[in-house]
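The values are calculated or read from the model by the stated rules, or taken from the named source; none is laboratory data. Computed from a prediction, not measured in an experiment: that's the story for all the values here. Every residue, glycine as well, gets a Cβ built from its backbone with ideal geometry; the counts of neighbours run over all protein chains shown.
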Amino acid sequence: MKRRFVAALVKHETNTFSPLETSLVSFGHGEGPAFGDAVRARFENTNTPLAAYLDIGRRENADVVTPIAAESWPSGKASRATFETLVRPIEDAVRAGCDAVFLDLHGAMVIEDCDDAEGEIAQRLRRIAPDVPIAVTLDYHTNLSHVLVDNATVITGYKTYPHVDMYEAGMLAGGILVGKLDGMIEPVMAWGWKPLLASIMRHAPEDGPSGDIVHFAKRMEADGTVLAATLFPSFPHADTPYTGVSAVVVGDARHGGREHAQAVCAHMLKMAWDRRDEYVFHPVPLADSVGRAKALGRGNPGAPVLLIDHCDNCGSGGAQDVMDVVAEVLRQELDDVAIAPIRDPAAVATMIDAGAGQHVRLALGGHTEMPSIGLGSAPLEVEGRVLTITDGEFVVTGPMYTGVRMHLGRTAVLDTGRAQIVVTERPHEPFDLGVFTHAGIDPRKKRYVMLKSRIHYRAGFKPIASHIVECMGAGVTNADLSVYPYRKLTRPIFPLDPM
């Protein structure tokens, strides 16, 4: 008889300091969750773990049930009711009987009454099906708990940031699980945690301490020492007892896998702890950064200078409407600038009502108060011509989330003369050129490009940049972790406490 697989996706990176609501419709980036056959339509042939699970099911000639796929931009805690709506379809599918469960999760989801949502999902499924193997893929920014490890059979995660290997992580986890089903592998996991709060601006493997750890993990996988090895540098904007740097390693118990997995895991975490100072972000004053970018763009740099507004990034829970960096760019009179995106539904409505080609005055952005960090609202008065109006939809062609359709809501471009500002109804992190090109702007031809992003912009925009300048604005994705009123962290923790 055909095997029956259950494959599901539930993802939310919860910024517990974010004022943004996480409603059910948030899952699907504003379109709501996909259920049943709609899951395939949304995620098949995409660069995601779920797409890998679907391909594995096809390869194994299995019946794959897809109860739900639900992913939201990071924001505040979801309610218990919303969480139940996401989890119960998976429970029902497992309760109906299956040979294996394949979960595409995040690893830093917090709900109003639970600091470890992924752990609860795995635990609930394990109670329904005590002997059914469960594969889990996790985001690079996971805060790993013992509950999730205890209830999963295999855990793998992304090794890249920007996350361009999501499909590969799914294929690795799914392949190991199928090996177990076939009696070829007996997976066993080792994991560990360090009291290290690592700033996300120091997470990227290409220019931070994580790179050497990831290279070591890949080498251990390639030479067969272990089946999978993953570093999780954490999501520091989630105030939970599990927040901190961790690692999980999968070995084959038939071939000394437990000892090998424990040794590899311990070595990875020692590397992180020995280089903990490198995970601390050291900010530069905003005016100095914008001034440096302006100087780099003088003359003919041959490609745009990128200005990265990393403190207000929706990809980590930011409101995407803090105007500090935009204001400084305009104050210093940088010219030929493309900016994306500013989330301001009211401004979009005003521009649509005025129509393309018309002159408008706007109190742009700055409508979201952030009491957790003492930041009030501060719109920016701007004026200019409505350049373009779009439906805000495009399909990603770059290396991250390739093939996934993005929904920015109604979108309009304001041309101030010096800057062309993409304004959207919904949040979106600009990791693909489509955020500009769908609106008729070619960022490759601009002198400056300002992005509300942290590291993911590198997927689509680093290849077109002449220089990159990080700009310390304001918001709930501030890289200076000392600004947050943590209450649940396991203490002491570096660098907040003497250690």
task = From the list R254, R298, pick out the single residue that is more than 26 Å from the chain's Cα centre (by Cα) and assigned by TED's automatic domain parsing to the domain that holds G365.
result = R298
Number of positions in the stretch 274-319 that are of a type outside the set (V, I, T), on the phi < 0 side of the Ramachandran plot and in a loop (DSSP other than H, G, I, E, B) = 17
query = Of everything in the stretch 62-101 that's part of a strand (DSSP E or B) and over 19 Å from the mean Cα position of the chain (by Cα), which residue is surrounded by the most Cβ atoms within 10 Å (Cβ to Cβ)?
reply = V101
message = Any residue at all in the stretch 43-57 that's without any contact (Cβ under 8 Å) to a residue 40 or more places away in the chain, more than 18 Å from the chain's Cα centre (by Cα) and assigned to a helix (DSSP H, G or I)?
response = no
ask   = Which one of these does Q420 not meet: (1) of a type outside the set (A, V, I, L, M, F, W, C); (2) within 20 Å of the chain's Cα centre (by Cα); (3) not in a loop (DSSP other than H, G, I, E, B)?
value = (2)
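Take the residues in the stretch 229-243 that are of a type outside the set (V, I, T) and surrounded by fewer than 24 Cβ atoms within 10 Å (Cβ to Cβ); name whichever of them is farthest from the chain's Cα centre (by Cα).
P241
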Conditions (1) surrounded by fewer than 21 Cβ atoms within 10 Å (Cβ to Cβ); (2) of a type in the set (A, V, I, L, M, F, W, C); (3) over 24 Å from T437 (Cα atoms); number of the one not met by V290 = (1)
message = Looking at the structure I just gave you, is D104 closer than 14 Å to E13 by Cα and either at pLDDT 95 or above or out of contact with any Cys (no Cβ under 9 Å at 6 or more places or on another chain) (or both)?
response = yes
ask   = Checking R254 against (1) surrounded by fewer than 16 Cβ atoms within 10 Å (Cβ to Cβ); (2) not in a helix (DSSP H, G or I), which test does it fail?
value = (2)
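For (1) more than 29 Å from A378 (Cβ to Cβ); (2) in a loop (DSSP other than H, G, I, E, B); (3) free of Cβ contacts under 8 Å to residues at least 40 places away in the same chain, each residue gets a yes or a no:
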| residue | (1), (2), (3) |
| --- | --- |
| L414 | no, no, no |
| F436 | no, no, no |
| G440 | yes, yes, no |
| T477 | no, yes, no |
message = Every residue in the stretch 29-42 that is out of contact with any helix residue (DSSP H, G or I) (no Cβ under 8 Å at 6 or more places or on another chain) and assigned to a loop (DSSP other than H, G, I, E, B), please.
response = H29, G30, G36
